[in-house]
1. For the stretch 248-256, in order, what is each residue's ³J(HN,Hα) by Karplus, 6.51 cos²θ - 1.76 cosθ + 1.60 with θ = phi - 60°, in whole Hz (x at glycine and Pro)?
2. Principal axis lengths of the stretch 182-275 from Cα atoms, whole Å, largest first?
3. For E149 and N367, compute 0.36 nm times the residue count separating them, minus their Cα-Cα distance, and round to one decimal in nm.
4. Return the tail of the calculated pair distribution for the stretch 262-400, meaning the percent of Cα-Cα pairs more than 22 Å apart.
5. Project the alpha carbons of the stretch 338-395 onto their principal axes and report the range along each, largest first, in whole Å.
6. What does the charge count near I374 come to, summing +1 for each Lys or Arg and -1 for each Asp or Glu among other residues with Cβ under 14 Å from its Cβ?
7. Of all alpha-carbon pairs in the stretch 90-240, indicate the percentage at a distance above 19 angstrom.
8. Stretched out fully, how many nm does the piece from L42 to D360 gain, at 0.36 nm a residue minus the Cα gap?
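Please treat every number below as a calculation from the coordinates, not as lab data. Just so it is clear, the structure is predicted and the values come from calculations on it, not from any experiment. Virtual Cβ from ideal backbone geometry, glycine too; neighbours counted across all protein chains shown.
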Amino acid sequence: MQSRAAVSLEESNQDSNPPPIPSIKTTIPPQSRGLPLRLLRLFLLFLSLCLAFSFISIYAIRRFGVQNVVTTVKSGFIPSCIGGGADSFATLERFVAPPSNLLHRMSDEELLWRATLVPRIRKYPFRRVPKLAFMFLSKGPLPLAPLWERFFRGHQGLYSIYLHSLPTFEAKFPPSSVFYRRQVPSKVSEWGKMSMCDAERRLLANALLDISNEWFILLSESCIPLYNFSIIYSYIRRSNHSFMGAFDDEGPYGRGRYNENMAPEVNITQWRKGSQWFELRRHLAVSIVEDTKYYPKFKEFCRPHCYVDEHYFPTMLTIEAPNDLANRSITWVDWSRGGAHPATFGRADITVEFFKRLYDSQKCKYNDREEFRICHLFARKFSPSALEPLLNISQQVLGF
């Protein structure tokens, strides 16, 4: 039994002391040992760059000033949609420069709005040379263009040219011509209808985009100048008034065209009539382009036989700016033959005697002078056949 007990005790002691667990050795790769050191180096490099950038920024601010730094950053965000790029308004010269291409994509509504942007400070911060804007309202070609080319020669910088024709007409003047690329986007205009006034407002609006244009002259393809450029420029520049005919015609072709629905904006005593061929100063051109008071009335009630182009502008400007008008036109026409249209002159009519009679018949008020001998600066209507004889006598008679 003792032997059995001893054996049992021995087995019990063996169970209470289990065999030792063998130790496990962990092997760390050499690459893992160097990782914290690389991270530390990257951190120190990043910290050095941050400190260097901070020192450079502080130096730049102290050296150049905060305002210049901010201005430089802001100038890069000028919208490219205004005027063709971020650099378009970088200088005042670019801001006031006339459009390089007259064939824009603006609608009439957009164009009229753009043309009414007027500087409120009267004194210009740059040297502004006031120009004459010659606005030709035609159906298509300009048959008398060679005469006008001669008229404009040598006077660059004192005039601008705008051509409104039928939308289907494409002017093909050579690059050397003063009419080259001077055609504006147009629509069909009909004589005696509001579309004719729309065409005139369209011409005015396009010409207003050039801030140097000060005087605006409406002409047709059958018009000619009666004097050289210097005389016409001086005459208009020195005038105290704009030239638009506006008179009260009490007959059937004047007040007889008035519609009572025009009131209260226009009453019959304010109703005026005049030639559509005018010369206007810039502020009056803006008034016509921005008008939303009289335009709806004339469009709705001056038809069908009202001939709105003879009444809209004369009536409106007589109401709004009567003291600014000379109440006469500077474009001569001959109504002596009667009819709905003035006389047209061709090859056989163009003589020295013809122009002598025209000049001798002039007498009008100009500023403070009651009997001035120069009244009309342009004349119409001249047919294409008149071009050759006009060129032959232009130097002798017209002065150019």
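1. Result, rounded to whole Hz: 8, 9, 7, x, x, 9, x, 4, x.
2. 44, 32, 27
3. 75.4 nm
4. Within the stretch 262-400, distances greater than 22 Å cover 52 percent of Cα pairs.
5. Principal-axis extents of the Cα atoms in the stretch 338-395, largest first: 40, 33, 16 Å.
6. Around I374, the surrounding residues sum to +3.
7. 55 percent
8. Contour length minus Cα-Cα distance gives 104.8 nm.
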